[in-house]
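Worksheet: one structure, shown below.
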Amino acid sequence: MKRNLIIFLSGLLAASASAEESLVKQSSTAEQKSIGISSSHMQKINASTDILGRHNSKVAKTPTAYIAPSKSRASLARTSNYEPEIAAITGRYENYKINNSYVQKYWFHDIQMDSATYVQWAQLMDNNIANMIHYQSGSNLNTNTPFYNYYFSTSQYEHYGQEKTYKDVQNYAHHVIAIDTLFNVNTLLNKNDLSSEAHSKNFKGNGIGIYMAETALPNTQGLSYVPINICPTETGAQSKIDNINHASKVTRILNYLAPNATVYAINRACLNPSTSVYPTRPDLFSPSPIYIGSHSYGQNANHYYGDISQEVDNYVYNTRVIEFASAGNGGQETGSQHYGAATGNEISETGQGLNVITVGAVIRHNHGETLDYRTSIENPKMPVNAQTSYSSNPDDISYDKPEIANYSNLFFNTDPVYTYHYNNKEYSYAPIFQATSAATPFTAAMVADLLQQKPFYKWHPEVVRALLITASTKKLTETDHQQNDIDNNHNKLIGKGMPSYAAMIKRNRSRYWLGNNTDFFETKYISYKRRSVQKEVITFNEENITKGKTYRIAISWLSDGDRTRELGAIPQDIDLMVTQNGASNEAYSTTMNNPFEFVEFKAENNNNLNITIIRHRNDGGRVMLGYNLYEQ
């Protein structure tokens with residue numbers, strides 16, 4: 001088997017190398033957005049100091065980080081529909097229970113192998129593809145000498161480990177927070193199974209890099225991070241202290257939930273408006289490659305897919321970094337509770353990305369857990385030209401966001417309180433973090449632990465989204481003022497639960513297909529909604545099915561941002577159908593513009609499930625498709 005695998009993969013690598021050579025030749029005559037750059041073309045920086053310019057052991061150090069000049073957003077428009085050919089590969093992972101024991105199996109391009117062999121071959125192919133299709137428009141980061149003009153003073157809770165109540169720190173909060181909405185983070189890891197299923201087994205994000213893009217760098221009090229860029233900070237603004245606090249709390253969550261992951265901090269305030277915040281060649285960062293991005297900073301919201309959504313989609317499409325973004329906190333106020341003026345219910349611009357996993361916030365409510373009504377839930381719409389291209393019906397040009405929700409209103413009850421002295425004024429840091437700003441890094445850190453524990457999911461945002469959707473089994477309590485995400489008209493199962501870590505690592509069957517537009521799908525006649533139709537399809541069976549069990553099944557795929565913008569619609573509309581031999585039950589998910597489909601299927605017998613993935617519309621782009629089945 002190994003000899004056949006070597007011969008097969010050698011052919012793939014040769015084809016890939018030929019495509020890369022072809023790409024280099026064509027780049028001299030036409031500008032290409034996806035090109036190869038070696039590390040010798042990039043600027044190498046040393047970012048071993050903290051934000052005050054000091055060598056601080058509390059700040060993680062990195063010998064090298066690679067950055068490259070950025071294209072402005074104005075140059076992101078497609079200059080050619082050409083995309084380099086890539087080697088078509090598939091992967092498959094199964095972890096299910098049979099006869100009271102768990103079975104784990106790996107396949108690489110339909111060849112079964114053990115875990116170590118799979119990781120070896122997958123890494124080889126991933127590196128080869130990364131060299132071909134990585135994204136050139138990365139951050140043009142600089143290392144100017146910092147001019148932060150603040151210092152810390154002691155407080156009555158200076159040291160870590162001293163327990164305190166909310167009342168002890170409420171005077172440090174910028175506004176009153178309803179105590180009954182808070183989660184004590186020290187007990188929260190048991191609620192979502194992260195403590196028992198990951199940390200207790202020493203899966204804490206080892207070898208995984210997470211970058212966070214904020215509007216300031218974090219403080220240095222007990223936090224571990226790598227400052228990727230440092231720049232002067234404006235003076236005299238309360239907002240700057242708020243930004244430092246926000247970045248510090250994001251880092252605190254990442255450090256707490258994934259304590260051995262490398263956190264890279266990007267200060268967006270250093271960047272020109274036309275400069276991308278996305279790291280070039282994330283696979284080359286040291287000490288850990290960047291697999292995950294977390295975006296929870298405040299930003300504009302919009303009704304329509306736009307420049308920022310297009311840019312982040314291009315980045316994920318070409319680098320396969322798993323990007324998380326906050327939905328935003330523009331939800332409507334209710335009753336006498338006041339959390340700041342609602343500015344609108346639109347999803348954040350980064351969160352509107354089709355390739356981005358967008359996160360809503362969950363709070364405690366009457367001893368239950370419900371979607372925070374501050375969470376922005378208004379489904380974004382495709383670019384304006386979609387209204388004339390497809391339909392005047394708003395539901396036909398919108399897509400469901402956020403896809404998932406997670407814990408927020410986090411209280412670190414053993415953390416210190418800081419006092420800042422800034423321009424002769426005092427400002428405070430309270431160890432409480434709220435809303436989607438907290439839920440986003442919470443989710444990113446969970447996935448960092450997952451990538452260490454299950455390396456199959458590295459570089460596969462399409463599979464991770466399908467996994468998180470199917471793993472969102474912790475049902476949210478509906479309240480009088482909001483039935484969770486009420487406008488998910490396309491797939492009403494979305495946004496109704498939170499991911500459980502146990503559900504992310506057990507009883508799953510995951511697959512991916514990565515290749516060119518003409519790969520994998522076959523045109524043939526199938527039985528679709530009780531009639532025979534000709535479709536482009538991928539079909540397979542799921543075995544070892546148990547009568548009476550519910551199977552949560554999702555597909556997810558990546559889209560080119562440029563094509564999406566030009567078409568005013570998702571370039572490939574892919575649907576999901578599930579049937580069972582000898583059963584009358586059928587399940588369909590057939591939304592028009594969602595970049596995912598999701599069904600729940602209750603098995604009527606022990607026969608195989610028949611999975612049919614249907615490409616209903618094809619307007620170009622690669623096949624970058626993920627799948628997950630979770631047995632509930």
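Fully extending the segment from Lys524 to Lys602 would add 25.4 nm, taking 0.36 nm per residue of separation and subtracting the current Cα-Cα distance.
Please give the residues of segment 425-460, grouped as numeric ranges, whose backbone N is less than 14 Å from a label point set 7 Å along the Cα-to-Cβ vector of Asn184. Taking a point 7 Å out along Cα→Cβ of Asn184, no residue of segment 425-460 has its backbone N under 14 Å. A protection proxy built from the mean count of other Cβ atoms within 10 Å ranks the segments 514-522, 439-447, 551-559, 113-121, most packed first, as 439-447, 551-559, 514-522, 113-121. The listed peptides 310-317, 541-548, ordered by packing as a protection proxy, come out as 310-317, 541-548 (highest mean of other Cβ atoms within 10 Å first).
The stretch between Ser115 and Asp242, if pulled fully straight at 0.36 nm per residue, gains 41.2 nm over its current Cα-Cα span.
Rounded to the nearest whole Hz, the Karplus-based 3J(HN,Hα) values (6.51 cos²θ - 1.76 cosθ + 1.60, θ = phi - 60°) of segment 193-206 follow the sequence 6, 5, 5, 6, 9, 10, 4, 5, 9, 6, 9, 10, x, 4, with x at glycine and proline.
Database remark: amide H of His365 closer than 5 angstrom to the amide H of Thr370 (H placed geometrically; neighbours at sequence offset of 5 or more, or on other chains; Pro and chain starts carry no H). Near the amide H of Ile574, within less than 5 Å, lie the amide hydrogens of His616, all on another chain or at least 5 residues away, with H placed in the peptide plane. A straight chain from Lys475 to Gln104 at 0.36 nm per residue would run longer than the Cα-Cα distance by 130.8 nm. Peptides 496-508, 241-253 ranked from most to least packed give 241-253, 496-508, packing being the mean of other C-beta atoms within 10 angstrom over each peptide's residues.
Per atom type, segment 509-632 shows carbon and sulfur on 38% of its accessible surface, probed at 1.4 Å.
The values are calculated or read from the model by the stated rules, or taken from the named source; none is laboratory data. Because the structure is predicted, anything quoted here is derived from the model rather than measured. Ideal geometry is used to build each Cβ from the backbone, glycine not excepted, and the neighbour counts take in all protein chains shown. To get the accessible areas, we keep the full protein, side chains included, count just its heavy atoms, and leave off ligands, DNA and RNA. Shrake-Rupley method; radii C 1.70, N 1.55, O 1.52, S 1.80 Å.
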